[in-house]
Every structure is written in C-alpha cells, then in structure tokens.
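Each reported figure results from applying straightforward, stated rules to the coordinates on display, with no laboratory input. Given the structure is predicted, the values throughout are model-derived calculations rather than measurements. Reconstructed Cβ throughout: ideal geometry from the backbone, glycine too, with neighbour counts over all protein chains shown.
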Amino acid sequence: FVLESELRHAIQHNQLEVYYQPIVEPHNGEIVSNEALVRWNHPVRGWMSPIEFLDVARNAGLMQDLGMSVLRRVCKDRSEAKRQGIVMSTTAINLSSEQVMDARLPLRIQDILDEYGLSGDQLEFEVTEDAIKGDSKSLQATLNELVNLGSRLSIDDFGTGYSSLSRLKHLPFSKLKIDRSFIREIPGDADDCAITLSILGLARGLGMRVVAEGVETEEQRQWLTEQGCDLLQGYLFSKPVPIATLLSYDDQLR
Ligand code: G
Ligand code: G
Ligand code: MN
Ligand code: NA
C-alpha cells in the first residue's frame, strides 16, 4: 500500500524516468530507432525495474496514468534534444492493454504531442500480442487512429501470446518483435531456429518487418542477419541507457 501511494506520487510529479535501448540495422549496427523503457528511482529502494512496479500500477488502476507519464517524459526528452540540434532516432513506446482498450488514447496522445510541438511520426508504439487478443472493433479503430497520427505500430513479445493469425492481417501493425525467449538459444537450438524462420516467413508474407529482441552474441547476430531479419535489439549492441548516452550515440550518426 505504501509502494502504491509512492508510485501514484511519482507519476503525478513526473518522477518516472525513461531509459532508451537502441534498435539497429543488422549489417552495420547503425541505430534506426530506440525503445523507451520506464525506470523509477525510488527515494529509498533506488532504481526499480518495471517488473517490480508494473504489477503495483496495474492493481491500483494506474496503468493509463503511468503510460501518459512515460509519453510525456519521452516528448520532453525529444524536445530538449531538438533544442540542442540533435536529431533523435524514432522512439518506440510500450502501450499497456489498459491503454489500448481506452478509445480516447489517440486523442490523449495527440494532446501531449501538441503540447511539445512534436509530430506522431517521431514515435512508434509497441503492443504485446496478449493486449490485442480477443475481437473488438473498437480496438481496431483505436489502432487505426494511432496510425493516422503518423506512428508505426509493432507487436511486442511475438510468439508468446495467443493472437490469431487471421486477426493479425486486419490490424495495422508494421513490425513484429520476436520474443527474446526464441532468440536466446539461436543458432544452437533447432526448434528455436525453426520458430524464428517461420515468424520471418509469416512477417514477409504479411508485408511486415521483423525485430529480433534479446540479441546478446555475435553468433545470434550473424545467423539472424543471414536469415534476413530486418532489425536487431539487445545487449550485444547496447543495454537500455539514459537519454544523454542515447543522444551521444545518435549524434555520431549525423
Ligand atoms: O528493461 P525492462 O526491465 O525495462 O522491462 C521489463 C518489462 O517492462 C518489459 O516487458 C517491458 O515491455 C515493460 N515496460 C517497460 N517500460 C514500459 C512502459 O513504459 N510501459 C509498459 N506498459 N510496459 C513497459
Ligand atoms: O517486453 P519488452 O520487449 O518490451 O522488454 C524489453 C526488456 O528486455 C527490458 O527489460 C530490457 O531491459 C530487456 N532486454 C533488452 N535487451 C536484452 C538482452 O539482450 N538480453 C536480455 N536478457 N534482456 C534484454
Ligand atoms: Mn517492448
Ligand atoms: Na518484447
């Protein structure tokens, strides 16, 4: 209960921070985008991982407020980078199922973008496979409105959930992110290689790009590159880093 009220306070006072993890081009390691990952520097407990506080937020009905707070932080970071003349790569923000179930989400996002003078094409949104399960016209409309803001959408943790493939083709996703559990044992595990190849084939058939998550070794990078995986993310390239570090990476690209 104490943690819950502290979290509510942190959200209200914009004390949640965001780390950014680069997403790179397989052939040359160039950064093409980054993923925003929320962090909480708790006054007593120190840096907390989302695994430790997303459940608290969920049980307290705080997921929407937390999501908006992350979006604000990302917009603030981007507008400061812009002021410094740094072109920041596109940022992918994770949306919770609570957020995508809210039909007002696109309007809320538009309001915050307007407030910071940013456009939707500077952002992407990641939605987990589980958040889009079940059939809902309203979910489809919400996702379409996000695309109309100019933002691309990715399916996160793909392969771990239960989204029906027939539904996938009706939803406006442009990327699939292969869950890192399938990447971990590549290229040694024949089953994981087969699963990854079938996801690559599926995505190609649907005209979607594929991101492999959790790439930690040169062997994984090489195999995924040879199989035509479009983008890579993982500790091999960089762990999630504070904004200043990300900007120093991005600045080198100019
Ligand atoms: O580094 P990592 O510990 O950041 O993230 C752990 C989990 O928390 C991941 O599943 C990630 O998708 C999720 N997560 C991180 N940041 C956010 C966020 O801003 N919103 C939501 N809904 N989930 C997030
Ligand atoms: O569920 P989502 O894909 O949004 O989660 C991102 C999570 O994956 C974050 O907790 C991030 O810190 C973690 N992560 C990113 N790269 C790697 C990696 O190479 N190895 C492992 N084990 N975790 C990673
Ligand atoms: Mn993600
Ligand atoms: Na993921």
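How much length would be gained if the chain were fully extended between R45 and A244, taking 0.36 nm per residue of separation minus their Cα-Cα distance, in nm to one decimal? Don't skip to the answer; put the middle values down first.
Numbers: separation 199, 0.36 × 199 = 71.64 nm, distance 2.35 nm.
Going from the current span to full extension adds 69.3 nm.
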**Study point:** Cut-off under 5 Å, modelled amide H: who pairs with R39 long-range
**Key:** E17, V18, Y19
Exercise for review: Read phi for every residue in region 5-21 and hand back ³J(HN,Hα) as whole Hz from Karplus 6.51 cos²θ - 1.76 cosθ + 1.60, θ = phi - 60°, with x for Gly and Pro.
Suggested key: 6, 5, 5, 4, 4, 4, 5, 5, 9, 6, 9, 6, 10, 10, 9, 10, 10
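Residue separation times 0.36 nm, minus the C-alpha to C-alpha distance between E25 and E219: what's the value? Spell out each step's value before the answer.
Details: separation 194, 0.36 × 194 = 69.84 nm, distance 1.58 nm.
Working it through step by step, the gained length comes to 68.3 nm.
Hey, got the dipole for the chain? About the Cα centre, +1 on K and R Cβ, -1 on D and E Cβ, debye to the nearest 20?
Details: 26 positive and 38 negative charges, 131 e Å.
Computed charge dipole of the chain: roughly 620 debye.
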Check your understanding: In the chain, what percentage of the DSSP-assigned beta bridges are antiparallel, given to the nearest 5?
Key -> 40 percent
Review point. Over all distinct Cα pairs, what is the inverse of the mean 1/r for region 45-156, reported as the Kirkwood hydrodynamic radius in Å?
Key: 14.8 Å
**Study point:** Contact order relative to length of the chain, as percent, for alpha carbon pairs under 8 angstrom and 6 or more apart
**Key:** 20 percent
Revision key, fill the gap. Listed by chain and number, the residues whose amide H is under 5 Å from that of E30, excluding neighbours fewer than 5 places away on the same chain and using placed H, are E25
Study note, to complete from the structure: From the Cα centre of region 52-82 to that of region 209-248, the distance in Å is 24 Å
Check your understanding: Based on Cβ point charges of +1 for Lys and Arg and -1 for Asp and Glu, what charge dipole magnitude is obtained for region 181-254 about its Cα centre, in debye rounded to the nearest 20?
Key -> 320 debye
Check your understanding: Angle, helix 243-252 long axis vs. longest principal axis of the chain, Cα atoms, 0 to 90°, nearest 10?
Key -> 50 degrees
Practice item. Compute the FRET efficiency between D189 and K169 as 1/(1 + (r/R0)^6), taking r as their Cβ-Cβ distance and R0 = 25 Å, and round to the nearest 0.05. Key: 0.30
Review point. In percent, what relative contact order does region 24-172 have, based on Cα pairs under 8 Å that are 6 or more apart in sequence?
Key: 20 percent
Exercise for review: Could you work out how far helix 105-116 tilts from the main Cα principal axis of the chain, as a 0 to 90 degree angle to the nearest 10?
Suggested key: 70 degrees
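Quick one: net charge around Q64, please, counting Lys, Arg +1 and Asp, Glu -1 for every other residue with C-beta under 14 Å from its C-beta. Provide the component values of the computation, followed by the final result.
Working: positive: R8, R58, R72, R104, R108; negative: D65, E98, D102, D111.
So the surrounding residues net to +1.
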Check your understanding: If you look for lysine pairs in the chain that are eight or more places apart or on different chains, how many of them have Cα atoms under 23 Å apart?
Key -> 9
Point to revise | Between 0 and 90°, nearest 10: helix 50-59 axis offset from the chain longest Cα axis | key: 60 degrees
Practice item. Specify which residue in the list L54, S154, A103 is farthest towards the positive end of the charge dipole of the chain, using unit charges on the beta carbon of Lys, Arg (+1) and Asp, Glu (-1), about the Cα centre. Key: A103
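Just flag the GluC sites (Glu not before Pro) in region 176-254 sitting in loop per DSSP whose Cβ has no more than 15 other Cβ atoms within 10 Å. Intermediate values should be presented prior to the final figure.
Values: sites: E185, E213, E216, E218, E219, E226; in loops: E185, E213, E216.
In loop regions of region 176-254 (DSSP not H, G, I, E or B), the sparsely surrounded GluC sites (Glu not before Pro) are E185, E216.
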Check your understanding: What list of ³J(HN,Hα) couplings, whole Hz, do you get for region 185-194 from phi and the Karplus terms 6.51, -1.76, 1.60, once you set θ to phi - 60° and write x for glycine and proline?
Key -> 9, 6, x, x, 9, 5, 5, 5, 5, 5
